[in-house]
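Written below as structure tokens is the structure these notes are about.
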Amino acid sequence: MTTVTALKTQAGQVLDQSYAQFKQAQLALGKEQIFANAAQIFTVGEIAAATRQYLFDEEIAQQVIKLQDQVLPTMYQQGQSGEFLKLNFTGNDIRWLLGLPRTHHRQRISK
């Protein structure tokens, strides 16, 4: 339990750092460019918030830590490669954005 909590804490710090760098880069742009990037800015914020909700998943937390500063740019890029980018993320969506395999939960039928 302590390991998972430490992993979640470290992944949260990495996520915060990646988001802070993204925001700093956006703030360095001119007003027109910030306006042009509005959809990206909103989407990256949503990805960061949704990812934070799934940091209890050890594989997600480890991948966030592995990607370091590139975690949000990587996830945004992966989302852009899809047909569309949704904004109500599930755990499997976050796994896909991080390049992890999706998990499948099957119900067992009792005999």
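Along its first, second and third principal axes, ordered by size, the range 1-57 spans 47, 17, 7 Å in Cα coordinates. Its Kirkwood hydrodynamic radius, worked out from the mean inverse distance over all distinct Cα pairs, puts the range 30-83 at 12.2 Å. Projected label points at residue 59 and residue 5, each 7 Å from Cα along the beta carbon direction, are separated by 2.6 nanometres.
Accessible surface for the chain, divided over its residues, is 69 Å² per residue with a 1.4 Å probe. Spatially close Lys pairs in the chain, defined by Cα atoms under 23 Å apart and a spacing of eight or more places or different chains, total 5.
The C-alpha atoms of the chain define a longest principal axis, and helix 71-81 lies at about 90 degrees to it.
Just to confirm the number: angle between the C-alpha axis of helix 58-67 and the first principal axis of the chain, 0 to 90 degrees, nearest 10? So the inclination is approximately 30 degrees. Residue separation of residue 25 and residue 78 scaled by 0.36 nm, minus their Cα-Cα distance, works out to 17.1 nm of gained length.
Once the Cβ-Cβ distance of residue 46 and residue 70 is raised to the sixth power relative to R0 = 22 Å, the FRET efficiency obtained is 0.75. Within the accessible surface of the chain, defined with a 1.4 Å probe on protein heavy atoms only, the carbon and sulfur portion equals 54 percent.
Computed across the chain, the Kirkwood hydrodynamic radius from all distinct Cα-Cα pairs reaches 14.9 Å.
The values are calculated or read from the model by the stated rules, or taken from the named source; none is laboratory data. This structure is a prediction, so every number in the text was calculated from the model and none was measured. Every residue, glycine as well, gets a Cβ built from its backbone with ideal geometry; the counts of neighbours run over all protein chains shown. These area figures cover heavy atoms from the full protein model, side chains too; ligands, DNA and RNA do not enter into them. Shrake-Rupley method; radii C 1.70, N 1.55, O 1.52, S 1.80 Å.
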